[in-house]
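Reviewing the structure listed below.
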């Protein structure tokens, strides 16, 4: 029998999940536990020393969360995922693995308002500085890069303005500069857009919106594309230099193409602590099962309403990249061929 590659809809339901080994339960259980039993002292030592994979404490990892992490990574085409308490928490952990005090990252100035506030204010207490660039002129990203730049941050579809960013063009700028491209794919989800296919090195999500889909749980996700060379040039010491808390392990050397996800887990999540609860992971997993159906209907309905509004005599303008008249329509057709998502603005 020929083995077939699972499609997106199949991955949305099954990726990362296996029947419970004790009960045979088909649905992923809620492992509502804080801690885990070790086989013996040597087993515990190997887990704490990153010599073996397994569960230690739910702040660092949990079996229910692990299914969600594997599922979103599979849908995005990445090598590994890390679930967090919120999308903002995901962004903090990503930057904590990349940045040192006094360093910079370049970001699109057309972002979710909460991210703009986080970058402008909260990140300053860590000594991380944002330099803003214009997503409508990708050359501004290149001009904003300095020797202190450690990353570029964009959204696939900006929330809520509907700006579609030229991911591949900015990925080329990031690659030339030797820094990773981080893409917030919250509004598009991997059903509409897969940033890794266009050169993203890291993808982040607020799971709260469309991946969860039911307004009952807050969560975030980091997906490691497995594409970036963290050891080149010594620019990312968290990944390329020996870690004293882990007996001198070099994370990139040890974990290869999923080293970034490991760094966010065993350095950021372990010490800063914004872990996703197993119950929220379960709720979000349930939402992800219907992701393809929901996102297609969201996009179809949004387009129908936007088209109706665009013809209404009392509406001066509609911003929705699904409209053929929209300035971002060509980019939307390229990066989001199945639809432009659920969010639009008008006035």
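Worth a mention:
- With a Förster radius of 41 Å applied to the beta-carbon distance between residue 8 and residue 327, the computed FRET efficiency rounds to 0.90.
- Most fluctuating residue given options 22, 84, 34, as computed from a GNM of the chain linking Cα atoms under 10 Å: 22
- Kirkwood Rh and Cα Rg combined as Rg/Rh, the chain: 0.98
- Region 217-278: C-alpha gyration tensor shape, a/c 1.5 cut-off, then a/b vs b/c: oblate
- Angle of helix 278-288 to the longest C-alpha principal axis of the chain, folded into 0 to 90 degrees and rounded to 10: 40°.
- Considering only the chain, percent of DSSP beta bridges that pair antiparallel, nearest 5: 50 percent
- Taking 0.36 nm per residue of separation and subtracting the Cα-Cα distance, full extension of the segment from residue 229 to residue 148 would add 27.4 nm.
- Springs join every pair of Cα atoms under 10 Å in this Gaussian network model of the chain, and among 128, 230, 317 the largest mean-square fluctuation is at 317.
- Helical runs (DSSP H, four residues minimum) scored at -39500 (n - 2.57) apiece and divided by the length of the chain put the mean residue ellipticity at 222 nm at -10000 deg cm²/dmol.
- Annotation for residue 168 and residue 23: the two label points, set 7 Å from Cα along the Cα-Cβ direction, are 4.8 nm apart.
- Contour excess over end-to-end distance, with Cα ends at residue 271 and residue 293 and 0.36 nm allotted per residue: 4.1 nm
- Once the C-beta distance of residue 246 and residue 32 is scaled by a Förster radius of 22 Å, the resulting FRET efficiency is 0.15 to the nearest 0.05.
- Gaussian network model of the chain, Cα within-10 Å springs - most flexible of 122, 133, 151: 122
- If the chain linking residue 312 and residue 122 were pulled fully straight, counting 0.36 nm for each residue of separation and taking away their Cα-Cα distance, it would gain 64.2 nm.
- Three-way shape label, region 291-346, alpha-carbon gyration tensor, a/c 1.5: oblate
- Between 0 and 90°, nearest 10: helix 167-177 axis offset from the chain longest Cα axis: 50 degrees
- The chain: angle of helix 63-76 to the longest principal axis, Cα-based, in degrees nearest 10: 40 degrees
- Computed label-point distance, nm, for sites residue 136 and residue 301 using a 7 Å Cα→Cβ extension: 3.1 nm
Values quoted throughout were computed directly from the atomic coordinates according to the rules given, and no laboratory measurement underlies them. Since the model is a prediction, treat every value here as computed from it, not as a measurement. Positions of Cβ are generated from backbone atoms using ideal geometry, with glycine treated the same way; all protein chains shown enter the neighbour counts.
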